[in-house]
Amino acid sequence: MARRPPHSRPVPPPPPPEAPPAAELLRSPTTFFGRLRAVAPLAHRYAAPMLLTALLAGVLYALLMRPVVGTLSGQAHAAPAFAAQATNVFGTFFLTVVGAALMAGLGFLGAGREGRAAEVYGATFVLLPPAYALLAALLLVLPAPEMPALPPGHDLLAAQRESLRAVAVAPLTRVTLFAMGLGTLAQFALAYRGFRTLVGPSSRALLATLLPLLPVLALTALGLWPILAALK
């Protein structure tokens, strides 16, 4: 009598691949983008690093402007200190979010759906929070720039220009401006590596990197314009 073969248990399917955490981009960009290519697209997957960066950028700009706000607060026609600082935080937060939207939208135009520009650029924001948090801590603990004395009957606009000039020429302000610009350029360098992984070393990868570059740099300069203009 023939023996029946033993019942074979069904082999469970392998678990679906998981999206890499954004922090992995700091350790190995090649590994990060290779793992990202294996998972299903999700446009808002890396929204958290972008939102954290936007918030820290707002705080950082408000700390840069704090001596100016403190000098002008209480003067005639000047905004209250809290309102001025809240405007600085929200304005920079808003511009950073708009910049991220430009990256995602123009990157999509360059690389197409396969490029997953929203995820690529969203992940690159993980570079910035450590640097922004360190700069904010330095602005809190180090002495603020010395503000010019306001003579009796001073003109508010002239006083604002002089205060902005004192902030703009401070060494820590220059370091902050340099770090913000360098961080943005580093984002685009990492994004190019990501697009090369996702769509190959083609013109689409280069186009997805270059299309949003100038608009985002212009938007960054717009947010910092009061300080940049004072450097003239």
Whole-percent carbon and sulfur contribution to the accessible surface of the range 159-216 (1.4 Å, no ligands, DNA or RNA) stands at 68
Two pseudo-spin positions, 7 Å from Cα along C-beta at Ala86 and at Ala48, lie apart in nanometres by 2.9
Expressed as a whole-number percentage, the relative contact order of the range 107-232 with C-alpha contacts under 8 angstrom and at least six residues apart is 42
Measuring from its Cα centre, the range 45-169 shows a charge dipole (+1 at each Lys and Arg Cβ, -1 at each Asp and Glu Cβ) which, in debye to the nearest 20, is 240
Sorting Ala159, Ala191, Gly91 by the position of each Cα along the dipole of the chain (Lys, Arg +1; Asp, Glu -1; all at Cβ), the one nearest the positive end of that ordering is Ala191
Given unit charges at Cβ for Lys, Arg (+) and Asp, Glu (-), the dipole magnitude of the chain about its Cα centre in debye, nearest 20, is 1160
Ranking Leu128, Gly34, Ala111 by how far each Cα lies towards the positive end of the charge dipole of the chain (+1 on Lys and Arg Cβ, -1 on Asp and Glu Cβ), the top one is Gly34
Regression test value, accessible area per residue of the chain, probe 1.4 Å, units Å², expected 56
Everything considered on the Cα gyration tensor (a ≥ b ≥ c; rounded for a/c under 1.5, else prolate if a/b is larger than b/c, else oblate), the chain must be described as prolate
So the FRET efficiency between Met147 and Leu55, C-beta based with R0 = 25 Å and rounded to 0.05, is 0.40
Between Leu222 and Leu26, the two model label points (7 Å from Cα along the beta-carbon direction) sit apart by a distance in nm of 3.0
Taking protein heavy atoms only, a 1.4 Å probe, and rounding to whole percent, the accessible area of the range 65-147 owed to carbon and sulfur comes out at 73
Taking the alpha-carbon centre of each part, the distance from the range 22-88 to the range 170-228 in Å is 15
Here FRET efficiency (C-beta to C-beta, Leu140 to Ser203, R₀ 41 Å, nearest 0.05) is 0.35
Once normalised by the length of the chain, the mean sequence separation of its alpha carbon contacts under 8 Å that are 6 or more apart gives a contact order in percent of 27
Here the longest stretch of the chain that holds no GluC sites (Glu not before Pro) in a DSSP loop having at most 15 other beta carbon atoms within 10 Å is 19-145
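The values are calculated or read from the model by the stated rules, or taken from the named source; none is laboratory data. Remember, predicted model here, so these are calculated numbers, not experimental data. Note that we place each Cβ from the backbone using ideal geometry, even for glycine, and neighbour counts take in every protein chain shown. Ligands, DNA and RNA are stripped out before the accessible areas are found, and what is left, the full protein with its side chains, is counted by its heavy atoms. Shrake-Rupley method; radii C 1.70, N 1.55, O 1.52, S 1.80 Å.
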